[in-house]
Amino acid sequence: MAGGSHSGSAAGGGAPGLLPLLLLLLCAAAIIHTGDGQNLVTEDVTVVEGDVATISCRVKNSDDSVIQLLNPNRQTIYFRDFRPLKDSRFQLVNFSNSELRVSLTNVSISDEGRYFCQLYTDPPQEIYTTITVLVPPRNLVIDIQKEIAIEGEEIELNCTAMASRPATNIRWFKGNKELTGKSEVEQWSDMYTVTSRLVLKVGREDDGVPVICLVDHPAVKDLQTQRYLEVMYKPQVRVSQNYPVQGLTREGEPLELTCAAIGKPQPTDMRWLRVDDEMPQHVVVSGSNLLISNLNKTDNGTYRCEASNAVGKSHADYMLFVYDPPTTIPPPTTTTTTTTTIPTTITDSRAGEEGAIRSVDHAVVGGVVAVVVFAMLCLLIILGRYFARHKGTYFTHEAKGADDAADADTAIINAEGGQNNSEEKKEYFI
């Protein structure tokens, strides 16, 4: 034994130059082996804080060599299926000649780093896997500059995502429309706080619409918060014609108008007035309704409905034009339309022309009939006078001697004698 030991020492001492050469050859062999192909295989792991990370060390061409897993501090976590490290969060998932798989529960930021897989071959092999820990935002809050805004104002909203890793990307939406904000990032140690600022000009259409702050982060999905806008606006006024439903406003007929107003807050003060003139005494106003039971030409003008609330005042106008009543058959009627600002009445000029033409036709026919009747009366008068003048007794001188005769025979003789002298007698017609 002693000699063997000595012989070994002598041999070692007798060839001191061979040891560096042997070490160089071993390193070259390790380099060549690594270049020919690595037997160890692993993958990087990305895990959300608090979840479970699984580390796998796999051997492609296993030769029953020992597999070992080490932490970033080079402390052995598992040697084959034995755990020297006293951290119960590490648990053995699978162990075989070709794989060592270990789980790490309740991962935190301190667990992030490189973990080493070692294979005890000749030469030994080693690769590493990196654990990356993601931290979702701790809190997501929207701050609004004014809880209640007035139409036309600009308001400022701020959305803050606190303590995330990596930094959060914040997106804005108003309803379904995406808006653009301006973000600022602050870093505290390994954490990031992001604040996004949005300036928004509001209108009445924005009242009750949600403004959404949405987080775009690999550690979380569909994380968002929202605030509903509350916008005050002055009344929106509309005048509608209830009667006549469709048709012209004619003299002698009734007219009924209704005023409707929408605002926030709801309008409480509503009144009717006549623009540039006094309201006729026969006009009846009842709340939002205006009634004229018997239209006449003096009612022509513009009637205005005014409504007001705490924000402001608005109005809508109705222009009234009273037409003549129909003379015979009423002409075709047309609709009356109103707008939210100035209701207007659309009239049909052809209806008036038809009425005028019909009136002219009736007048001409009446005149012709009157002329004919007058001519017939004149003719009857002339004929009456003519017959009256020719009515009387015809007196002749043919029997002139018969009047003086004492008896009939003498009269006949005298008359016959009168006939003989007929050439001397002349007949007169009265």
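Taking other residues whose beta carbon is less than 15 angstrom from the beta carbon of Ser65, and scoring Lys, Arg as +1 and Asp, Glu as -1, yields -3. Dipole orientation for the stretch 75-164: of the candidates Ile155, Tyr128, Ser98, Ser98 has the Cα lying most toward the positive pole (charges on Cβ; Lys, Arg +1; Asp, Glu -1).
The charge dipole of the stretch 29-133, taken about its Cα centre with unit charges on the Cβ of Lys, Arg, Asp and Glu (plus for the first two, minus for the last two), comes to roughly 240 debye.
Sites listed here are trypsin sites (Lys or Arg not before Pro) in the stretch 64-146 whose DSSP assignment is loop and whose Cβ has at most 15 other Cβ atoms within 10 Å: Arg74, Arg80, Lys86, Arg89, Arg138, Lys146.
Only the Cβ atoms of Lys and Arg (+1) and of Asp and Glu (-1) were treated as charged; on that basis the dipole of the stretch 156-227 about its Cα centre amounts to roughly 120 debye. When the P(r) of the stretch 110-222 is calculated, the portion above 16 Å amounts to 67% of the C-alpha pairs. Measuring against 27 Å, Cα to Cα, the residue pairs Lys146/Lys221; Lys182/Lys264; Lys177/Lys264; Lys86/Lys221; Lys146/Lys234; Lys146/Lys174 contain Lys146/Lys221; Lys182/Lys264; Lys86/Lys221 as the ones spanning a longer distance. In plain terms, the chain from Val368 to Ile150 could stretch by 71.1 nm, reckoned as 0.36 nm per residue minus the Cα-Cα distance. Over the stretch 153-298, the reciprocal of the mean inverse Cα-Cα separation, the Kirkwood hydrodynamic radius, stands at 20.1 Å. With each label modelled as a point 7 angstrom along the Cα→C-beta vector, the Tyr128-Glu99 pair spans 2.5 nm. What fraction of the Cα pairs in the stretch 238-330, stated in percent, has a spacing above 23 angstrom? Distances greater than 23 Å cover 27 percent of the Cα pairs. For the stretch 103-187, the set of GluC sites (Glu not before Pro) satisfying both a DSSP loop assignment and a count of at most 10 other C-beta atoms within 10 Å is given as Glu147.
No lab work stands behind these numbers, since they all come straight from the coordinates. The shown structure was predicted, so the numbers you read here are calculated from the model rather than taken from an experiment. All Cβ positions, even for glycine, are placed from backbone atoms using ideal geometry, and neighbour counts span all protein chains on display.
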